């Protein structure tokens, strides 16, 4: 009877085992990157509080459009923060080490089936959401095109819309490739 736990590869050689251990252990070099993203998350929390405080202080003097643009700015910060969480938690779980959160009541549903493909699709969808908010802000401000108060040119609006469309096409391509790489379900 064949013992499937016995490997007959060159990893059995002590030098190869050490090399394999170093290569596998190198995944921990990503830890400072994820800690850096956690610090960036803190910066976004600060930015959110700052923008929210400005909105509250100016609520009585802002018009409807200014309030809408401020709220869209807050939503944009939240969506970027959500993107950071997906990268931090999903990336760490996928590429560094298991978080062992089974049974925790707050574990995100998507974390139970995260892999590099799923993470790419989720990131692409988050980027489209962020781009959508930015494009909506641009469209709201587009009424000022051609005036001295305009923040954008018509060509700038066109390029922003084209780039958003390219994000959508890219996300569809990523999702399609990920789906093609999955085994068929019967």
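The values are calculated or read from the model by the stated rules, or taken from the named source; none is laboratory data. On a predicted model such as this, the values are computed, not experimentally measured, just so you know. So basically every Cβ, Gly included, is an ideal-geometry build from the backbone, and we count neighbours across all protein chains shown.
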Practice task
Return only the number of the condition from (1) within 30 Å of residue 140 (Cα to Cα); (2) modelled with pLDDT of 90 or more; (3) surrounded by fewer than 11 Cβ atoms within 10 Å (Cβ to Cβ) that residue 64 does not satisfy.
Solution key: (2)
Handout entry: Some residue of segment 135-143 being at positive phi and surrounded by fewer than 13 Cβ atoms within 10 Å (Cβ to Cβ)
Key = no
Completion exercise
In segment 166-186, residues that are loosely packed, with under 12 Cβ neighbours inside 10 Å and within 21 Å of residue 132 (Cβ to Cβ) total 4
Problem - Residue check for residue 97: within 23 Å of the chain's Cα centre (by Cα) and surrounded by 13 or more Cβ atoms within 10 Å (Cβ to Cβ) - result: no
Fill in the blank from the handout: Of the candidates 166, 136, the one satisfying the condition of being within 25 Å of residue 74 (Cβ to Cβ) and assigned to a helix (DSSP H, G or I) is 136
Practice task
Please work out if residue 131 is free of Cβ contacts under 8 Å to residues at least 60 places away in the same chain, surrounded by fewer than 17 Cβ atoms within 10 Å (Cβ to Cβ) and part of a helix (DSSP H, G or I).
Solution key: no
Problem - Unique residue being surrounded by 14 or more Cβ atoms within 10 Å (Cβ to Cβ), under 21 Å from residue 119 (Cα atoms) and at pLDDT 90 or above when the list is 52, 74, 37 - result: 37
Practice task
Output yes when any residue across segment 49-62 is in contact with a helix residue (DSSP H, G or I) (Cβ under 7 Å, 6 or more places away or on another chain), in contact (Cβ under 8 Å) with a residue 40 or more places away in the chain and assigned to a helix (DSSP H, G or I), and no when none is.
Solution key: no
Practice task
Consider residue 103 carefully, then state whether it is modelled with pLDDT under 90 and at positive phi.
Solution key: yes
